[in-house]
Amino acid sequence: MTNIPPPPMPGTKPILDPKSVVKDRSMEFQKELIGSYYDRLARSPETGEKTVATFVPGNLAELIQCFGLVPILPEINALQSGMRKQSGHYITEAERMGHSEDVCTYVKCDIGMFHEGNVGPTGAVLPTPDHLLLSYTGCFTFMKWFELLREEYGCPSTMLQVPYQARGEITPEMKAYVVKQLKTEVIPALEKLSGVKFDIDLLREKLTLSARAEDDLVAVLEAAKARPSPIDAYFGGVYYIGPIFTAFRGTQEGCDYYRVLREEVEERVRQRRGPTTPEGEMTDERFRLVVEGPPNWTNFREFWKMFYDEGAVVVASTYTKVGGLYDRGFRHDPSDPLGSLAEYCLGCYTNLSLPKRVELISDYVEEYGADGFLINSVKSCASFSAGQLLILREVEKRTGRAGGFIESDLVDPRYFSGANIKNRIESYLQMVEQKRAAGATA
Amino acid sequence: MTRTTAELMAFAEDLYYDLDFKSVKRWKVKTGGHAIGFMPVYAPREIVHAAGAMPVGIVGAGDWLEVIRGDAYYQSYLCHIPRSTIDMAESGRLDFLEGMLFPSTCDVIRNLSGMWQIVKPDMYTRYVDVPQNFTDGVGGQFWAHELRTLAQELGERTGTEVTDERLRASIALFNENRRAVCDLYSLRRDEPARAPTSEVYLMVRAGLVMDVEDHTALIREYITAARNITPPELDNARVIVVGAFCEQPPIGLIKSIERSGCFVVDDDLILISRWFTDNAAETGDPIEALALAFVHDSVPTAVMYSAKAGRGKAVVERVRVARAEGVIFAAPSFCTPALLDQPMLVAELDREGIPYTAFKFAENAGQFQPIREQTGTFADTMKLWSVA
Ligand code: SF4
Ligand code: SF4
């Protein structure tokens, strides 16, 4: 049982306060961090730092840092290209080269970007990776993506197979298998690449920092249980997870960022302030929603606006768990360094069974006092999308709350139909409203 | 009395079109055995067999089931096999199964394993997480543990313990079956007019719903019968068909490719029938034998990781062994493994100057004319090149 006060009467005040369009300290900090990362990456050919490409789910950030390597994150590059309106062009280029229209657009965006000069989000040319570290968790496409990149770049690759939690649990054998691969495949490959000997105590230090940042991130995400929610846990959430899902888990800067962010968010809770949006602070929280599925990046602002214009705030999302389910208790553990890396890889959201996903979303709806939940089903991603219609029905059944379903894509602008999505969101919110009214009078 | 190829085909065709799985139900009544379904691409059938069950291949419903319920489960941008499979489950067609195995073929089948747990809560459901690490003590050991757990669970389910002795016997039977299928593939490769793919396919596919020994006998009988016919004289182009390892093309599509002037001399259809390139050991620890056969001798295919660059080399080798003149890529629409694999194979074919053509299909596609025209033009072009 959660103790959440009833919602205020909706529609009595303006939804946004446009005067409050100011950047929080954490936003600047985040921008600096990401900028510094891309600078370091772009300069690596001069500095001689070696690079290793890897994926966000199951990324071994701390381990990579132990060898002084710089990670390249193709998913992040793709979503950045989407936000900069470059992805459509890159995807067309990849399709022109023979890549199918039916496959994940992240892959095509990445390959198209490489063929178009590999210019990163800061405008600097990014290096090609020296090694591909295939953290194979939660997505089949990852495997083919890196096989394709290996053909392009001619660099070696290392596979880390992470078993799937088909029955909703991590068995000792699954963990042992991942640890064994870390010892026999991943660590030797990174030692060879970097020329640095593995130092388990250094890894412990980094994991200590990871856990600290994870505590703060969880506090930020759980602050959305307050009314009004001080954050948007989806559209804002994707910014909050940026540093910890990428290069800054296990670093002091990462810890500092999450401390600043936490303090800001806690202050917002004390002041009973709503979340920051691109057009000012939300002053009237009318709908509290849980969202399942990745966002659309090509029209990210437009998409977000469809929510905040209606006073809809996302209080919990599954997408912000693809790089780890910290809010369910997992922490990197310096006392079991390789074991906890294994558990981390095994525990990412996309590695959960479908019944576990249903359970998690239903729990979020209850714990965060949501009025309903919405699924953004992206064409690219079978890992997320296959089964979402069943998830919709099951969560509705369990929570009694209204479920909505919209379709778009991650970075392919051809699959973002703004008018259509807006219509659907509006009708969905009307349905939520009706359900809520019916519930209030019942 | 030996049957003719036409009679054998009639038998196999009955099995192909039978979405009520009557042959399996009859077998269950006759033997008192169980039936465990499995989806493409690979499942350890030997273990199922040793547990006293028939491994039953569930490869979709082709173009002769009108899928209604299945579409309520899947968005338009996902392939067709999961929707026809769940449709069959929802309509009770798969209720004769005591269990269902979902191999780690792709995210669609992976997620279907979880959907099954919700839709069919009383059925034994197991995800079969095959190794992508091919070192004996790493991926091999993980896989051996998976196989042991599966053997134990199935034994508990069926009441027939998977003893070493039983499993060794099953391994021997499936080795024998694989040899028979490979002999049939060799016959087709050497004399494709004698054993056309539209027949070979149905013969091999029959093994998904038959007792393994009966199926081996069927294949042998077909080989004998095919050797006795006078094959038509055809000047077809020799092609291999790549990409249809999971969702299956309707038989009409296979016939269309042949009628357009192609001999299909190698393919990915019902790949499990030829999964190991060598026999699994019939002595020693049988679980180890299966695990090692998997990590050492699995066929290279899109769903298996290749630890080294040059993914396309395997397809070039297949072209060479099959003495093919070209490659037809036939992938199911929205099939992530096949479609992401294809550019790597194409690149290698380009390097080697091997011609290819590509199309996508769905198991329920009814229109074959455009494909027939495409493969016909492809065949003609290859013939022209070979004359020039
Ligand atoms: S299929 Fe989904 S999880 Fe996989 S790379 Fe694409 S977007 Fe990411
Ligand atoms: S056809 Fe392809 S995408 Fe669909 S289930 Fe089979 S392997 Fe997966």
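The values are calculated or read from the model by the stated rules, or taken from the named source; none is laboratory data. In this text, all values refer to a predicted model and were calculated from it rather than measured experimentally. A quick note on method: Cβ atoms are made from the backbone with ideal geometry, for glycine too, and the neighbour counts reach across all protein chains shown. To get the accessible areas, we keep the full protein, side chains included, count just its heavy atoms, and leave off ligands, DNA and RNA. Shrake-Rupley method; radii C 1.70, N 1.55, O 1.52, S 1.80 Å.
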Notebook entry, point to check: Can you give the three extents of the C-alpha atoms in segment A:62-205 along their principal axes, from longest to shortest, in whole Å?
Noted result: 44, 38, 26
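Tell me the total accessible area that B and A bury against each other, 1.4 angstrom probe, in square angstrom rounded to 100. Provide the component values of the computation, followed by the final result.
Working: alone 16330 and 17930 Å², together 29770 Å².
Looking at B and A, the buried total is near 4500 Å².
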Notebook entry, point to check: Where the centroid of each part is defined by its Cα atoms, how far is segment A:8-81 from segment B:29-96 in Å?
Noted result: 44 Å
Next item on the list: Provide a whole-number value for the mean count of partner chain Cβ atoms within 10 Å of the Cβ atoms in peptide B:124-130.
Entry: 3
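Where only protein heavy atoms count, and the probe is 1.4 Å, what is the accessible area per residue for chain A in Å²? Before the final figure, lay out each step's value.
Working: 15650 Å² over 442 residues.
Result: 35 Å² per residue.
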Margin query: Given 25 °C and 0.890 mPa s, compute D for segment A:267-345 with the Stokes-Einstein relation, Rh being the Kirkwood radius over Cα pairs; round to the nearest whole µm²/s.
Written below: 163 µm²/s
Item checked: Listing of segment A:360-405 residues, each with accessible area lower by at least 10 Å² in the full protein assembly than in the chain alone (probe 1.4 Å) -> A:Ser377, A:Lys379, A:Ala382, A:Ser383, A:Ser385, A:Ala386, A:Gly387, A:Leu389, A:Leu390, A:Arg393, A:Glu394
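Add +1 for every Lys or Arg and -1 for every Asp or Glu among the other residues with Cβ under 14 Å from the Cβ of A:Cys255, and state the total. Could you put the intermediate results ahead of the total?
On the way: positive: A:Lys206, A:Arg212, A:Arg249, A:Arg259, A:Arg262, A:Arg331; negative: A:Glu62, A:Glu205, A:Glu214, A:Asp215, A:Asp216, A:Glu253, A:Asp256, A:Glu263.
With Lys, Arg at +1 and Asp, Glu at -1, the neighbours total -2.
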Checklist line | Rounded, prolate or oblate (a/c below 1.5 giving rounded, otherwise prolate when a/b exceeds b/c) for segment B:11-130 by Cα gyration tensor | finding: oblate
Notebook entry, point to check: Rounded, prolate or oblate: which fits the protein assembly as shown, taking a ≥ b ≥ c as square roots of the Cα gyration tensor eigenvalues, rounded meaning a/c under 1.5, else prolate when a/b beats b/c?
Noted result: prolate
Checklist line | Neighbour count of at most 13 Cβ within 10 Å plus DSSP loop: longest trypsin sites (Lys or Arg not before Pro)-free window in chain A | finding: A:273-442
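Just to confirm the filter: which GluC sites (Glu not before Pro) across segment B:1-68 are DSSP coil and have at most 10 other Cβ within 10 angstrom of their Cβ?
On the way: sites: B:Glu7, B:Glu13, B:Glu46, B:Glu66; in loops: B:Glu66.
When the GluC sites (Glu not before Pro) of segment B:1-68 are filtered for loop state and at most 10 Cβ neighbours within 10 Å, B:Glu66 remain.
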Check: Protein chains only, probe 1.4 Å: how do A:Glu426, B:Glu165, A:Glu253 rank by accessible area, largest first?
Finding: B:Glu165, A:Glu253, A:Glu426
Notebook entry, point to check: Using only helices, what value at 222 nm comes out for chain A when you add -39,500 (n - 2.57) per DSSP H run of length 4 or more and divide by the total residues, to the nearest 500 deg cm²/dmol?
Noted result: -15500 deg cm²/dmol
Notebook entry, point to check: Of A:Ile241, A:Ile15, A:Ile200, which is the most mobile in a GNM of chain A whose springs link Cα atoms less than 10 angstrom apart?
Noted result: A:Ile200
Next item on the list: Starting from 0 in steps of 10 Å, tell me what percent of the Cα-Cα pairs of segment B:172-217 lands in each bin.
Entry: 29, 53, 18, 0
Checklist line | Spherically averaged projected area in nm², based on the convex hull that wraps the Cα atoms of segment B:272-388 | finding: 9.5 nm²
Next item on the list: Once you've got the GNM for chain A with C-alpha springs shorter than 10 Å, pick whichever of A:Ala78, A:Ala247, A:Ala124 has the biggest mean-square fluctuation.
Entry: A:Ala124
Checklist line | Overall form of segment B:101-170 per C-alpha gyration tensor (a/c, 1.5; a/b vs b/c) | finding: oblate
Check: So what's the gap between the Cα centers of segment B:215-257 and segment B:258-279, to the nearest angstrom?
Finding: 8 Å
Next item on the list: At a Cα cut-off below 20 Å, give the lysines reachable from B:Lys25, other chains included and same-chain residues fewer than 8 away excluded.
Entry: B:Lys120
Margin query: Could you work out the pair-distance distribution P(r) of chain B from its alpha-carbon pairs, with 10 angstrom bin width and percents rounded to whole numbers?
Written below: 5, 23, 34, 27, 10, 1, 0
Next item on the list: For the protein assembly as shown, give the percent of accessible area contributed by carbon and sulfur heavy atoms, probe 1.4 Å, rounded to a whole number.
Entry: 51 percent
Next item on the list: Quote the accessible area belonging to A:Leu354 in square angstrom, nearest 10, computed with a 1.4 Å probe and with ligands, DNA and RNA left uncounted.
Entry: 0 Å²
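Could you tell me the convex hull volume per residue, in Å³, taken over the Cα atoms of segment A:383-434? Spell out each step's value before the answer.
Numbers: hull volume 4.1 nm³, N = 52.
In segment A:383-434, the Cα hull volume divided by residue count equals 79 Å³.
Work out the length of the dipole vector of the protein assembly as shown about its Cα centre, built from +1 on the beta-carbon of each Lys and Arg and -1 on the beta-carbon of each Asp and Glu, and round it to the nearest 20 debye. Mind dumping the intermediate values first?
Working: 90 positive and 114 negative charges, 161 e Å.
Around 780 debye, computed over the protein assembly as shown.
Taking the Cβ of A:Glu101 as the center, what net charge do the other residues with Cβ under 14 Å away carry, scoring Lys and Arg +1 and Asp and Glu -1?
Values: positive: A:Arg96, A:Lys108, A:Lys379, A:Arg414, B:Lys360; negative: A:Glu93, A:Glu95, A:Asp102, A:Asp409, A:Asp412.
Within the 14 Å Cβ shell, the charges total 0.
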Checklist line | Calculated [θ] (222 nm, deg cm²/dmol) that DSSP helices of n ≥ 4 give over chain B, each run adding -39,500 (n - 2.57) | finding: -15500 deg cm²/dmol
Notebook entry, point to check: Hey, which lysines would be in cross-link range of A:Lys379, C-alpha to C-alpha under 24 Å, not counting anything within fewer than 8 residues on its own chain?
Noted result: A:Lys85, A:Lys108, A:Lys144, A:Lys305, A:Lys321, A:Lys356, A:Lys422, B:Lys360
Checklist line | Within a Gaussian network of chain A (alpha carbon springs, distance under 10 Å), most fluctuating of A:Ser100, A:Ser87, A:Ser362 | finding: A:Ser100
Item checked: Reach of A:Lys183 by Cα under 17 Å, taken over lysines that are not fewer than 8 positions away in the same chain -> A:Lys175, A:Lys192, A:Lys197
Next item on the list: Enter the Cα centre distance for the pair segment A:408-439 and segment A:212-268, rounded to the nearest angstrom.
Entry: 27 Å
Checklist line | Sorted largest first, extent of segment A:134-193 alpha carbons per principal axis (Å) | finding: 37, 26, 8
Next item on the list: Have a look at segment B:78-109 and report residues whose accessible surface goes down by 30 Å² or more when the remaining protein chains are included, against the chain on its own, probe 1.4 Å, ligands and DNA/RNA excluded.
Entry: B:Leu78, B:Asp107
Next item on the list: Could you pull the accessible area for A:His115 with a 1.4 Å probe, rounded to 10 Å²?
Entry: 80 Å²
Margin query: Rolling a 1.4 angstrom probe over the protein chains, ignoring ligands and nucleic acids, what is the accessible area of B:Arg323 in square angstrom, nearest 10?
Written below: 120 Å²
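Sort B:352-361, B:248-257 for me by packing, meaning the mean count of neighbouring Cβ atoms within 10 Å per residue, highest on top.
Working: B:352-361: 17.3, B:248-257: 22.4.
Ranked by mean Cβ neighbours within 10 Å, highest first: B:248-257, B:352-361.
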Check: Rg and Dmax of segment A:31-441, using alpha carbons, in Å: what are they?
Finding: 20.7, 69
